[in-house]
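Note sheet for the following structure.
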Amino acid sequence: MNKLALKAFFAILRRDIVVTWREFIPFLLQALMQPLFILFIFGKVLPNIGLASGSFASLMLPGIVALSGMIAAMQGVTLPLVLDLGFAREIDDRLLSPLPVWWVPLEKVLFATMRGTVASSVIFPLGRLILGSGYAVRTDRLPILIGMVVLTALVGSTIGLLMGTTIKPEQISLMFTLIFTPLLFTGCTYYPWGALNHIRWFQILVLFNPLTYAAEGLRYSMVPPMNGFVLTTLGLNWILLALGMSVVVMFALGTRTFYKRVVT
Amino acid sequence: MTGMGTPAIAVRNLVKRYSKSKTNAVDGVSFEVSRGEIFGLLGPNGAGKTTTIGVLTTSIVPTEGSAHIYDVDVARDPISVKQRIAVVPQQSNLDRSLKVREILTFHAAYHGVPRKQREALADKLLDELGLGERKNEKVNRYSGGMAQRLMIARALMHEPDVLFLDEPTNNLDPQSRLFLWERIREMNARGLTILLTTHDMDEADKLCNRIAVMDHGKILVNDTPAELKKMIPGGTALEVRASGVRAAEKVEAALAAISGVTKVEPVAEEAEPGTLTWRLYAEAVNNHIGPAAQAVLGEGAEVRDLSVKQPSLEEVFIFLTGRHLR
């Protein structure tokens, strides 16, 4: 029985890979368009006209990596799930496959994590291309970097799971605005957490956003010492704890609501 | 109705109450479907058919009672049940991101069918269901009938033992409907047990070995179509149409005088100008064809038509569930 369930699981995963591979170029465009412009404006234009310092780019790049991975992962789950559970019911065929119901959201999360990881990874060559000499990433923390990229995508996909199972189709655009916008701007993507010292309340507020930890973790593993000055980020332990908790809680809640939506 | 071994479907005292509802959607339903049977579940909207099918297909958890597919408890071991059943829903839930042939091969892959086998079976089924020419398209351009056929092909890809068809020919053109009926009979002839729901009495009558009529969460009757039709009070009737009638009341009296005839009633609508029609009720109307003709001729009128009227399943349905709209 378990062997059969595993076969079903991997067949469903293969289905998602096949479908996305076919749409790979549109997927890349979707994942890259926003970071491309953010990198260009904040990393190139603003420093050039003297509104930001040159090192701003290397502080911001990890934020962009975190943001892209998280958004791509969320989008990989949320929208398909909202439509599927709302009316399309294309997921029924997978629910009738011989595997435990909760493996279906598990597959969604796993696949979206792959999506998010790819979206994060392509930011590196893109950053190098756009920032040119401003591109600076340390390579001595590569294993942590890889781990952070995957973990960020995992956080995004589990948040996406919870959103996808709770949002109704008619609420999509409103919810995207209400959830995405605050998530984007309170996630320490454009500024390091430590620099928020002067706005204490905001510094505390952003701690409730998982993206903050993702961005800080990536900053920890990416930003090289500049002029002998090492950037202080949130502690790696705290980062891992917060991201890990977010994954567990979001996945548990998301799977529970998923189950309630498909089995009554 | 082979009846051998365990039944394909066994439902016992099934109750389903949804959390926010005050009444039971399914209220103590029991029935069995033998292997190789085509079983029809009939009933008005909201009767509990969809909930019953939902329980049998693992998407609804019963509140009380049990449901078994080939002796496997649906609530306890849904995974084993899923491997044995296939579901064709009312509305298309085809995977629109995949090409037609892939819809079949992926479905089979979900059920662990090896690659070679699923590829061959997909081609065979697409040809059988008349979809072979358009197997590399996506389903967006498929008509309702084609989508329905594709969903049936998909259902057969993992060679299930029990097939659930929820209003299979709803909204289909007559050609597609006939084609589907043929296929349903064929699949059944190959040993597949089929449970279908329908509003179409003609469909139920033509396809089903047995029919259960549901209303308000309960099964009202469960029998063969022929037996169900006998439930109408009066049962079968003999219709006599005559022309050249001089005195209608005299003909009626003569018909009523035939021994064994329990009731004669004139039929209001005029089937043909200048003719009158009566309906005779009796225990065995076939025995009264001769005497009825003689009664008409004896009054100097001419017999234009004599026919035995079977009550339709539709009449049985309305008789059991009433005329009010749901």
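Here are the numbers for the structure shown:
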| item | result |
| --- | --- |
| Options B:Ala212, B:Ala242: the member that is at negative phi, assigned to a strand (DSSP E or B) and not assigned by TED's automatic domain parsing to the domain that holds B:Ala292 | B:Ala212 |
| Qualifying residue in region A:88-110 (condition: in a loop (DSSP other than H, G, I, E, B) and more than 9 Å from every other protein chain (Cβ to nearest Cβ)) | yes |
| Qualifying position, being more than 21 Å from the chain's Cα centre (by Cα), crowded, with 19+ Cβ neighbours inside 10 Å and touching a residue at least 40 places away in the same chain (Cβ under 8 Å), among B:Ile53, B:Ile69, B:Ile103 | B:Ile103 |
| Whichever residue in region B:26-43 is buried (at least 20 other Cβ atoms within 10 Å of the Cβ) and outside any strand (DSSP E or B) and, among such residues, is nearest to the other protein chains (Cβ to nearest Cβ) | B:Gly43 |
| Residue list for region B:80-100, filter: touching a residue at least 60 places away in the same chain (Cβ under 8 Å) and either part of a helix (DSSP H, G or I) or not assigned by TED's automatic domain parsing to the domain that holds B:Leu196 (or both) | B:Gln83, B:Arg84 |
| Failed item, numbered, when B:Ala109 is tested on (1) surrounded by 18 or more Cβ atoms within 10 Å (Cβ to Cβ); (2) part of a loop (DSSP other than H, G, I, E, B); (3) over 22 Å from the mean Cα position of the chain (by Cα) | (2) |
| Selection status of B:Arg115, within 14 Å of chain A (Cβ to nearest Cβ), at pLDDT 90 or above and over 23 Å from the mean Cα position of the chain (by Cα) | yes |
| Complete set of residues in region A:1-36 that are within 14 Å of chain B (Cβ to nearest Cβ), under 24 Å from the mean Cα position of the chain (by Cα), part of a helix (DSSP H, G or I) and not β-branched (Val, Ile, Thr) | A:Phe9, A:Phe10, A:Leu13, A:Arg14, A:Arg15, A:Asp16, A:Trp21, A:Arg22, A:Phe24, A:Pro26, A:Phe27 |
| Scan of region B:164-173 for residues that are more than 16 Å from B:Leu129 (Cα to Cα) and over 14 Å from the mean Cα position of the chain (by Cα), ordered by number | B:Asn171 |
| Which numbered condition A:Met175 misses (of (1) within 23 Å of A:Gly43 (Cβ to Cβ); (2) not in a loop (DSSP other than H, G, I, E, B)) | (1) |
| Count - residues of region B:275-299 that are in a loop (DSSP other than H, G, I, E, B) and within 10 Å of B:Ala242 (Cβ to Cβ) | 1 |
| Residue tally, condition out of contact with any helix residue (DSSP H, G or I) (no Cβ under 7 Å at 6 or more places or on another chain), of a type in the set (S, T, N, Q) and touching a residue at least 60 places away in the same chain (Cβ under 8 Å), over region A:13-57 | 1 |
| Test: residue in region B:194-212 that is farther than 16 Å from B:Ile38 by Cβ, buried (at least 22 other Cβ atoms within 10 Å of the Cβ) and of a type in the set (Val, Ile, Thr) | no |
| Subset tally (residues that are buried (at least 18 other Cβ atoms within 10 Å of the Cβ) and either at pLDDT 95 or above or of a type in the set (D, E, K, R) (or both)) for region B:88-98 | 1 |
| Answer from B:Asn140, B:Asn188, B:Asn170 - the residue that is in contact (Cβ under 8 Å) with a residue 12 or more places away in the chain, surrounded by fewer than 19 Cβ atoms within 10 Å (Cβ to Cβ) and outside the structural domain of B:Glu37 (by TED's automatic domain parsing) | B:Asn140 |
| Any hit, region A:245-263, residues being modelled with pLDDT under 90 and either closer than 24 Å to A:Leu154 by Cβ or in contact with a Pro (Cβ under 8 Å, 6 or more places away or on another chain) (or both) | no |
| From the options A:Leu39, A:Leu67, A:Leu83, residue that is out of contact with any Pro (no Cβ under 9 Å at 6 or more places or on another chain) and either more than 14 Å from every other protein chain (Cβ to nearest Cβ) or part of a helix (DSSP H, G or I) (or both) | A:Leu39 |
| Residue match in region B:210-223 (condition: farther than 27 Å from B:Val15 by Cβ and either in contact (Cβ under 8 Å) with a residue 12 or more places away in the chain or in contact with a Phe, Trp or Tyr (Cβ under 9 Å, 6 or more places away or on another chain) (or both)) | no |
| Answer from B:Leu276, B:Leu280, B:Leu297 - the residue that is loosely packed, with under 15 Cβ neighbours inside 10 Å and not assigned by TED's automatic domain parsing to the domain that holds B:Thr197 | B:Leu297 |
| Leading residue by the ranking (surrounded by the fewest Cβ atoms within 10 Å (Cβ to Cβ)) among those in region B:253-273 that are farther than 19 Å from B:Arg304 by Cα and at pLDDT below 85 | B:Ser259 |
| One residue from B:Ala47, B:Ala75 being out of contact with any Pro (no Cβ under 7 Å at 6 or more places or on another chain) and either outside any helix (DSSP H, G or I) or at pLDDT 95 or above (or both) | B:Ala47 |
| All positions within region B:63-80 that are out of contact with any Ser or Thr (no Cβ under 6 Å at 6 or more places or on another chain), closer than 21 Å to A:Pro100 by Cβ and within 11 Å of chain A (Cβ to nearest Cβ) | B:Ala75, B:Asp77, B:Ile79, B:Ser80 |
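One line per residue, one yes/no per condition, for (1) at pLDDT below 95; (2) under 28 Å from A:Glu216 (Cβ atoms); (3) of a type in the set (A, V, I, L, M, F, W, C); (4) surrounded by 24 or more Cβ atoms within 10 Å (Cβ to Cβ):
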| residue | (1), (2), (3), (4) |
| --- | --- |
| A:Ser53 | yes, yes, no, no |
| A:Leu81 | yes, no, yes, yes |
| A:Phe111 | no, yes, yes, no |
| A:Leu142 | yes, yes, yes, no |
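The values are calculated or read from the model by the stated rules, or taken from the named source; none is laboratory data. Predicted, not measured: the structure shown is a model, and the values here were computed from it. Reconstructed Cβ throughout: ideal geometry from the backbone, glycine too, with neighbour counts over all protein chains shown.
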